[in-house]
Amino acid sequence: MEYNKFVDLSKSYLFCQLKRNELTRSEGFHPRLLPFITISREAGTGESAITHSLLDELGSKQLPGECPWTLYDKDLVKRVVEDYNLSRMQGLLPERKFSDIQTMFEELFGMHPTKREMAHNISKSIIKLADMGNVIIVGRGSFYITRHHPNGLHIRLIGSLPKRIKHLVDEYSMSLKQAEEYIKKEDQERYDYVKKLFGVDLNDPHHYDMVINTDKLSPQEIIALIADNIELLKEKLALDYYSEELTVV
């Protein structure tokens, strides 16, 4: 996905979610839960290309007026925070509105976290995004942080070491040795991060709704599989929502 397109999606997403929050406060609007996706992955499984194409697929199935799907990825969000000058919006918005947007941006993405606060802030951001829905959250233990959210679909991407090495060699022009070293380092660091912070095994399949072997399925098949399951989850969430409304009445 083009970087500018991601920036536009992030901005639209924040505006839409802010509007939903205002309706909740001012008119007693009870918003329906929106689905979200967490993606845990072994290095070299092609997660980036899958998530970017998945955003397009999910966006194509949205109804008019729905908040757009966006992506929470550490590297992409960091670039948005660093590159996107929020002050450009200030002249277009009333002071209170601008303050609300800026506060939401800072809360979600952690503009200046200290090392001591970082893990806690990441968890808070992930929970806030899960509450809002229509977001793909990549890594950072998001599958575990949001494990009690009924609107989540938790995905684990895996693949054989030779196929993952080949992917990095083909896509990033790494040598075989560089690719293997990178994969082993990344996998270990991700495992250690989750184990240290949450005390759980990242590789345990019981944490996920779907474990997808990227050796067996093409990116297009993986995207279709996830998108179909999101449609099923949306139907379940809608049914639960209307059942609650009828109970209240």
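Modelled this way, with points 7 Å down the Cα-to-C-beta line, the labels at Val211 and Leu176 are 2.8 nm from one another.
Counting other beta carbons within 10 Å of each residue's own, what order do Tyr191, Tyr144, Tyr72 fall into, fewest first?
Working: Tyr191 14, Tyr144 19, Tyr72 26.
Arranged by neighbour count, lowest to highest, Tyr191, Tyr144, Tyr72 become Tyr191, Tyr144, Tyr72.
Computed from phi, the 3J(HN,Hα) profile of segment 66-71 under the Karplus parametrisation 6.51, -1.76, 1.60 (θ = phi - 60°) reads 6, 5, x, 6, 9, 10 Hz, with x in place of Gly and Pro.
Sorting Cys16, Cys67 from the fewest to the most surrounding beta carbons within 10 angstrom yields Cys16, Cys67.
When the listed pairs Lys163/Lys236; Lys124/Lys234; Lys177/Lys216; Lys185/Lys236; Lys128/Lys166 are checked against a 30 Å cut-off, the alpha-carbon distance exceeds it for Lys163/Lys236; Lys185/Lys236; Lys128/Lys166.
Bear in mind that the values in this text are calculations on the coordinates, not laboratory data. Small disclaimer: the values here were computed from a predicted structure and weren't measured. When we count neighbours, we look across all protein chains shown, and the Cβ atoms used for this are built from the backbone with ideal geometry, even at glycine.
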